[in-house]
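Once you've had a glance at the structure underneath, I'll fire off some questions.
The values are calculated or read from the model by the stated rules, or taken from the named source; none is laboratory data. All values reported here derive from a predicted model rather than from experimental measurement. Positions of Cβ are backbone-derived with ideal geometry, glycine not excepted, and every protein chain shown enters the neighbour counts.
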Amino acid sequence: MNIDEELLNFIFDSFEECIVVVDENGIVTMMSNGYKEFLGCINPEGKHVTEVIPNTKLHIVAKTGLKEFGEIQEVNNHRIISIRVPIVLDGKLKGAIGKIMFKDLNNFKILSSKITNLEKELQYYKNELDSEKKAKYTFNSLMGKSIKFQEVVNFAQRAAKGDSSILITGESGTGKELLAQAIHNGSKRALKPFVKVNCAAIPAELFESEMFGYEEGAFTGAKKSGLKGKFEIANGGTILLDEIGDMPLSMQVKLLRVLQEREIMRVGGNEVININVRVIAATNKSLQELIEQEKFREDLYYRLNVIHLKLPSLRERAEDIELLADSLRVKLCNKYGIYSEGVSKEALEYLKNYDWPGNIRQLENVIERSINLLDTELLILPKHLPDKIVETKGKKHNIDNSDLKEAVDEMEKEIIVSILEKTKGNKNQTAKILGISRAGLYKKIKRLGLE
Ligand SMILES: Nc1ncnc2c1ncn2[C@@H]1O[C@H](COP(=O)(O)OP(=O)(O)OP(=O)(O)O)[C@@H](O)[C@H]1O
Ligand SMILES: [Mg+2]
């Protein structure tokens, strides 16, 4: 053995490396002491590698020159993972080196569980940064100057300073979530988490573990390390219980307990965890009606409804439509990189006359659609609006430029059509609702050209 080999062996042994070298014929030329011990083989040098290491492929790598990594191999009742690298000197294949990466997959398992834990930790920090736990909107993001809207905002701004539970109601798309985020950001909890829970989306059987967390092995399929529930994650901050009207009754009892005791216990755990969370609940349903139908607990309602913020529908704040349409246009044009200069007067007229069942969300969708339809135009025109919005213009009967009879006919037509729609075309019922005879209704239908 020359000095290089001696030095090499010293290096390998110092790190207890298991390394073997073969020549181009697969004959062992060198093996570290660690490997010899591992194999229980004293003099491997000069032997073909297959005689020394069962299931090896090192002689193949020495022939193909192709590196191999990560295959599991069975050696002396150990499941090992090795790496095999060809030795190429001066462009010629001279043999191959094998090295055991993991002498026993059990060690590998320890390592892999370490990696898994690190990944979990990483996920945890990622989650911490997750937008779900952050509220991005502030009171400045809330557009609207109408008195009705400003009243709610002012009240909300004062409420934000305190810790009382808040119930936000309002039709779909009126900005309940936006307001909840603004309240959190306007409160002393702003730097703590904001956690939103969609009560309608969590399956009943997972509700408890989602909300309160669980301990290791609490149920089959539970994560080994246990998991924090939403309340624990939100600790110090705000929890938004969205769609609270859809929370199952059985869960309402448990929620009520948390609100009363201000403490939780993880599923399968026995440690009491104190909870300091501001609760904001939101719904577009009438909780009072749900209480009457015995679908919502009255005691829970009173706990949540300490401060009630009722967002007006867009219909009730029609004077905000112009401002909203324009600020949504600017926001969306920036988002999509579209250039536009405004909403035309005529288009705005249509927007103002529409009744917006989907409120601001619907307005946002209409504006988004319109700016995508802009061709060479720089203004949003009536032709960019959906048919159903353009159709409703007649609603605010403008009789300045039509005679009275025409206006009355128009109105009559509209009323009859809307009742016919409601009764699904049933003329008997329609006539009854309108308080006229069947024959009378037929006459009108004919005269107004409604056939
Ligand atoms: N005052 C406002 N100014 C600007 N944009 C608003 C305003 N209110 C709501 N929006 C926008 O309208 C959309 C709907 O708002 P949000 O999701 O808060 O409504 P919601 O009341 O929670 O609706 P849902 O009942 O359907 O959950 C969002 O895209 C939001 O950005
Ligand atoms: Mg919402």
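How about region 334-348: which of its residues are surrounded by 15 or more Cβ atoms within 10 Å (Cβ to Cβ) and either in contact with a helix residue (DSSP H, G or I) (Cβ under 7 Å, 6 or more places away or on another chain) or not assigned by TED's automatic domain parsing to the domain that holds Glu391 (or both)?
Ser340, Val343, Glu346, Ala347, Leu348
Taking the criterion of being within 11 Å of ligand 1 (Cβ to nearest atom), at pLDDT 95 or above and either buried (at least 18 other Cβ atoms within 10 Å of the Cβ) or part of a helix (DSSP H, G or I) (or both), would at least one residue in region 189-198 satisfy it?
Checked against the condition, which is being within 11 Å of ligand 1 (Cβ to nearest atom), at pLDDT 95 or above and either buried (at least 18 other Cβ atoms within 10 Å of the Cβ) or part of a helix (DSSP H, G or I) (or both), region 189-198 yields no hits at all.
From the list Arg369, Arg361, which one is closer than 21 Å to Ile244 by Cα, assigned to a helix (DSSP H, G or I) and not assigned by TED's automatic domain parsing to the domain that holds Ser172?
Criteria check complete, one pass: Arg361.
Restricted to region 140-178, and to residues that are of a type in the set (Gly, Ala, Ser) and in contact with a Gly (Cβ under 7 Å, 6 or more places away or on another chain), which residue is farthest from ligand 2 (Cβ to nearest atom)?
So the residue we want is Ala160.
If you check Lys335, Lys345, which single one turns out to be over 20 Å from Met247 (Cα atoms), out of contact with any His (no Cβ under 7 Å at 6 or more places or on another chain), within 16 Å of ligand 1 (Cβ to nearest atom) and free of Cβ contacts under 8 Å to residues at least 24 places away in the same chain?
Lys335
Among Leu300, Leu290, which is in contact with a Gly (Cβ under 7 Å, 6 or more places away or on another chain), closer than 28 Å to Phe194 by Cα and in the same structural domain as Lys228 (by TED's automatic domain parsing)?
Going through Leu300, Leu290 in turn, just one is in contact with a Gly (Cβ under 7 Å, 6 or more places away or on another chain), closer than 28 Å to Phe194 by Cα and in the same structural domain as Lys228 (by TED's automatic domain parsing): Leu290.
Output the residues belonging to region 283-301 that are under 12 Å from Leu256 (Cα atoms) and either within 15 Å of ligand 1 (Cβ to nearest atom) or outside any loop (DSSP other than H, G, I, E, B) (or both).
Residues satisfying the conditions are Glu298, Asp299, Leu300, Tyr301.
I'm trying to understand the selection: among the residues of region 372-388, which are in a helix (DSSP H, G or I) and either in contact with a Pro (Cβ under 6 Å, 6 or more places away or on another chain) or surrounded by 18 or more Cβ atoms within 10 Å (Cβ to Cβ) (or both)?
His384
For a quick check of your reading of the model, give me the residue pairs whose first member lies in region 291-309 and is closer than 20 Å to Lys176 by Cα, whose second is among the β-branched types (Val, Ile, Thr) and modelled with pLDDT under 95, with beta-carbon atoms closer than 9 Å and at least 6 apart or on different chains.
Pairs found: Leu300/Val253.
Ok, one more. Kindly establish whether Leu314 is under 22 Å from Ile168 (Cβ atoms), more than 16 Å from ligand 2 (Cβ to nearest atom) and within 27 Å of the chain's Cα centre (by Cα).
no
Ok, one more. Given region 23-94, what strands (runs of 3 or more DSSP E) lie entirely inside it while holding 1 or more residues that are closer than 19 Å to Asp4 by Cβ?
28-31, 78-89
Restricting attention to region 302-323, which residues are buried (at least 19 other Cβ atoms within 10 Å of the Cβ), of a type in the set (A, V, I, L, M, F, W, C) and within 14 Å of ligand 1 (Cβ to nearest atom)?
Leu309, Leu311, Leu314, Ile321
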